[in-house]
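The values are calculated or read from the model by the stated rules, or taken from the named source; none is laboratory data. Please read these numbers as outputs of a predicted model, since none were measured by experiment. Ideal geometry is used to build each Cβ from the backbone, glycine not excepted, and the neighbour counts take in all protein chains shown. Accessible surface is based on the protein model in full, side chains and every heavy atom, while ligands, DNA and RNA are left aside. Shrake-Rupley method; radii C 1.70, N 1.55, O 1.52, S 1.80 Å.
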Amino acid sequence: MTEEKSDKTEKSKETTEEAAEEKAEETVEETEQAEKAEEGGEAKAAEEKKAKKSLPKPKAAAKKKPTPRKDEKYLSRNFEIPNAHNLDVYEANGGYRALKKAMKMDGEEIIEEVKKSNLRGRGGAGFPCGIKWSFLPKESDVPKYLVINADEGEPGTFKDRYLMELDPHRHIEGCIIAAWALGIRYCYIFVRGELQFAQRRLNQAIKQAYDAGYLGKNILGQDFDFDIYVHPGAGAYICGEETGLIEGLEGKSGQPRMKPPFPAVVGVFQAPTIVNNVETISSIPFIIENGGQWFADMGIEKNGGPKLYGLSGPVNNPGVYEAPSGITIRELLERYGGGMRDGHELKAFIPGGSSCAVLKPDALDAQMGFETMREAGSSMGTACITFMDTNTCMVRVAARLAHFYHHESCGQCTPCREGSGWAAKVLDSIEAGRGRMEDLDLLLDMCDNIQGNTICALGDSIAIPVRSYLQVFPEEFEDHIKRQSCPYPAWSKRKTSADSDAA
Amino acid sequence: MPKVNINGTEIEVEKGTTILKAAAQAGFEVPHFCYHPALSIPANCRMCLVEVEGARSLEPACYSEVTDGMVVETKSERVIKAQKSVLEFILLNHPVDCPICDQAGECKLQDYYMAYDAQESRLRAEKNQKVKVFPIGPEVLYDGERCILCTRCIRFCEEITGTNELTIVQRGDSAEIRTFPGKELDNPYSVCTADICPVGALTSRDFRFKCRVWLLQSTDSVCTGCSNGCNIHLEHFRNEIQRYRPRYNPQVNDYWMCDAGRLSYKEVHTDRLLRPMSNGAALNWHGVTETASAKLARALDDDAGSFGFVVSPQASCEDLFLAKRFIEEVLGTDQLYLGGKPDGFEDDFLIKADKNPNRQGVKAVFGGLNDFGDVDKLIDDIESGAIKTLYMMETHLPADAETRQRFVDALDKLDLFVLQAQHCAELANQAHLALPACSHAETEGTFVNFDGLAQPFEQAFAPHGDSLPHWQIFMRLARAMGQPLTYTFVHQIRDEMFQASDADENGEPAEAQAE
């Protein structure tokens, strides 16, 4: 366990160091900023607010020099502090201060702050968190529940695990604040089964929090009881869908429910339930500490706050980075990811997990916000970007994704159950050189027939990417069909950058 | 009450009505597989998608409730495309083995394909293969390839029987219906799952390969398996019952019936007494009527006080009404006994301990059951010589072997033993005169169920062999004995009977809702 831990810290150190070398100038600012952050204080916040006002659009800011403000770390603040997963270290770095502040506040006040903060659900759908919270009935005969969706299974997405593994107390603090604000009695953290290390870390942190009186009965001497349980998932992607998750939590197979009723009214064990993503809840302490307006200012319209971004694919520095909402993808790629690796030219990217539509490099200047990404023709999703180079066969990618969704379709409703397998079969045949031109129309028609006709969004998750590959790269599909083979070499025969260097 | 506009038809419905029900009220069919009126609504088949003005995506009509001012299109282009696509998806991996499928002819998938799809499959790859002929229970077979995973059967076992045998295993298009480990689909109502299965995935093992359903003729009848009186479709082919299927009646059995009742049709055709017999020799009706009337008249002359009559709770009210008139006006005896099947298994749903369909009918016709002796008293009376002549109507032998033997031995002591029944070839050989009666499938009549509900049943086919309805046998004997009872039709008896009795006719079952 310790090995794993140190590995991880080292890794993240390495990546930051690499980034730091390239952007030495900014790193200086970063350290300055970190010092500032330690001073804390409202004066600083006010000062930054001013700075923010003068730069209304981060896009404009990105074109200029990034403001120091943008490099301050919040969500990932503790990632590099050794042993931040332990309560004493966490408290020494300002932990549980927000909780103490929150417990002097009224529940309504907290909800107002969260509404003001423009905090959007970080799991992919981007529903405004404060509005979701306000749907929870005030009075209830049965205990209300908070369920944390930590079933991070979207292909290409790997941000929540960092929060759970490296900063579990921040998350627990967020849970307690949410419970205090909403009158919630129990919390389940539904962690993806494969993330065993995160489960251990969370359990350890929960135990420490109980011992310190942050959990259990009469928290901080107030008339407030709250318990958190970690529930490991059994490996189904569909349990990342909130009602599928609730079914899984109840011990049934993960089959999403019809809505309405929404979980806020009838959720886990038929009780009112709030389902939030890990990152959403981990953001709450900052909103309490610094105010909703502060959080909203650090972003663009309707998208507030700092956000974790994951970068993967043939980039120089893949990993998880924190940046404000509304940052452009180009900035993420170039400044944080260190650009594409030598010998790899960017061909396409998926902005937020495999169920988003694929985009071409001409969309690199799109801002990472739910509305802005929709304008760009895709969606923000989990904001974990997968970059693909010119060696990548788009038909193979589409086929691979279709296979994933075929494998993960719960099988409850017809279009998704049958359509996912069919799409995979058709895409396979095109990739194998057995495709026909009419298959392309068939696939598009199939996508139309799946999308919107299913119980949950998994059907859309098949249709949207498959359609996007067909529409963004039609020539590649036609090429496959005309040649009756795949023009791209198989993965094993792919030239790597090392090969080209040797040559 | 919300007003809703469906395909241009304005209709006012109860609050909370689903679009599907509102459309049915407005006269529009919305096709559906997974929705069943008696079960919860999972909205998983997506066949019932309709277009609601203002909604982003199509709405499942079975699940969505109407709101005031809602405008619904069930036949728009978008809806038709969705219906076609859902059928295409459902049929994608379906084996289309209709020629060897028992469901063919009453299959919703066949019907909807013809009505809403009727196009060739665009699948060029191989179909998925799943389990075939899987014995999921003692009465039911499962075919995974035909299954459309609508979960009606699972919900039935969860919500109606509460036995929870079934679940879905695997995921996506590998999903199949299975029993939980160590269980099998063996609840007393298991064949109902085959009834509600919209396709041929679950089929009755009893009915398997027996008859194509389009050859069956259906008659509204009542199950005789117990005193619950479940309403059934009695389905027959060439004068033989092929199966019972539950008929919707919310007062009695809803959409369901038990497996034992469903298989009770077999009794109708086994061990039948088909010819009038005298001391084991077959006669015709003319001969036997003469003989019987003469013997009965002599017995009454000799010792009217030792004449016993066993009434059957298996016979219809009309039969019992004539039995009563025959007893009172022709025989004049008051030594009555009540036969019938012994009590059996019961539960708190449909199955009743009293295995006779018309005990309440006996009570209604004879004005109570207090005058009747039971089988033990009958045996005692025969053994003591109090009964020397016995007229027995449709009686089943006692269950335990000892009483049974005593009963059979006692019958030997009788001076005259007249049996009027559809079964019991065993007793028929012992009887001095055996008169063949026909089953409820071969006549019409009324049963009164345990709850006092009088329910008529209709004649399905002509009486087997030389058998006659009980009431006609009584009429023949009465006429031969000079005390004619004159009726031509059952409804004449029924009218007279209802006038005489205080049981009110309440038997017309409500129209079945669309399943």
Which one is surrounded by the most Cβ atoms within 10 Å (Cβ to Cβ), of the residues in the stretch B:183-200 that are among the small types (Gly, Ala, Ser) and touching a residue at least 60 places away in the same chain (Cβ under 8 Å)?
B:190
For the stretch B:221-239, give me each residue that is farther than 20 Å from residue B:355 by Cβ, without any contact (Cβ under 8 Å) to a residue 60 or more places away in the chain and either assigned to a loop (DSSP other than H, G, I, E, B) or in contact with a Cys (Cβ under 9 Å, 6 or more places away or on another chain) (or both).
B:235, B:237, B:238
Only one residue in B:155, B:212, B:205 is touching a Leu at 6+ places or on another chain (Cβ under 6 Å), open to solvent by 60 Å² or more (accessible area, probe 1.4 Å) and modelled with pLDDT of 95 or more, so which one is that?
B:205
Go through the stretch B:87-128 and give me each residue that's open to solvent by less than 20 Å² (accessible area, probe 1.4 Å), over 31 Å from the mean Cα position of the chain (by Cα) and away from chain A (no Cβ under 12 Å).
B:117
What about residue A:408, is it within 14 Å of chain B (Cβ to nearest Cβ) and within 21 Å of the chain's Cα centre (by Cα)?
yes
Check every one of the helices (runs of 4 or more DSSP H) wholly within the stretch A:84-186 and list those with 1 or more residues that are of a type in the set (Gly, Ala, Ser), closer than 25 Å to residue A:382 by Cβ and assigned by TED's automatic domain parsing to the domain that holds residue A:236.
A:97-102, A:129-134, A:168-182
Qualifying positions in the stretch A:183-214 - farther than 22 Å from residue A:75 by Cβ and among the aliphatic types (A, V, I, L, M):
A:184, A:212
Tell me, yes or no, whether the stretch A:435-449 has at least one residue that is part of a helix (DSSP H, G or I) and within 23 Å of residue B:130 (Cα to Cα).
no
From the residues in the stretch B:129-176 that are assigned to a strand (DSSP E or B) and under 20 Å from residue B:110 (Cβ atoms), which one is nearest to the other protein chains (Cβ to nearest Cβ)?
B:142
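Conditions tested, residue by residue: (1) in contact (Cβ under 8 Å) with a residue 60 or more places away in the chain; (2) within 9 Å of chain B (Cβ to nearest Cβ); (3) open to solvent by 30 Å² or more (accessible area, probe 1.4 Å); (4) basic (Lys, Arg).
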{"residue": "A:363", "(1), (2), (3), (4)": "no, no, no, no"}
{"residue": "A:396", "(1), (2), (3), (4)": "yes, no, yes, yes"}
{"residue": "A:418", "(1), (2), (3), (4)": "no, yes, no, no"}
{"residue": "A:439", "(1), (2), (3), (4)": "no, yes, no, no"}
{"residue": "A:453", "(1), (2), (3), (4)": "no, yes, no, no"}
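Okay, residues lined up against (1) of a type outside the set (D, E, K, R); (2) under 30 Å from residue B:492 (Cα atoms); (3) open to solvent by less than 40 Å² (accessible area, probe 1.4 Å):
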| site | (1), (2), (3) |
| --- | --- |
| B:409 | no, no, no |
| B:414 | yes, no, yes |
| B:430 | yes, no, no |
| B:433 | yes, yes, yes |
| B:443 | yes, yes, yes |
| B:449 | yes, yes, yes |
| B:455 | yes, yes, yes |
Can you work out which of the residues in the stretch A:423-434 that are more than 19 Å from residue B:89 (Cβ to Cβ) and more than 10 Å from every other protein chain (Cβ to nearest Cβ) is farthest from the chain's Cα centre (by Cα)?
A:433
Residue list for the stretch B:41-72, filter: within 27 Å of residue B:197 (Cβ to Cβ), of a type in the set (Ser, Thr, Tyr) and either open to solvent by 50 Å² or more (accessible area, probe 1.4 Å) or more than 12 Å from chain A (Cβ to nearest Cβ) (or both):
B:63
Please enumerate the residues belonging to the stretch A:231-270 that are without any contact (Cβ under 8 Å) to a residue 24 or more places away in the chain, assigned to a loop (DSSP other than H, G, I, E, B) and of a type in the set (D, E, K, R).
A:250, A:252, A:259
Which members of the stretch B:383-418 meet the condition of being touching a residue at least 60 places away in the same chain (Cβ under 8 Å) and either over 25 Å from residue B:274 (Cα atoms) or under 31 Å from the mean Cα position of the chain (by Cα) (or both)?
B:385, B:386, B:387, B:388, B:391, B:392, B:393, B:394, B:395, B:396, B:418
Can you pull out every residue in the stretch B:283-293 that is in contact (Cβ under 8 Å) with a residue 12 or more places away in the chain and assigned to a helix (DSSP H, G or I)?
B:285, B:288, B:289, B:290, B:291, B:292, B:293
Name the residues in the stretch B:73-86 that are crowded, with 22+ Cβ neighbours inside 10 Å and within 9 Å of another protein chain (Cβ to nearest Cβ), would you?
B:82, B:85, B:86
Of all the residues that make up the stretch A:318-357, how many are under 22 Å from residue A:471 (Cβ atoms) and either in a loop (DSSP other than H, G, I, E, B) or of a type in the set (A, V, I, L, M) (or both)?
12
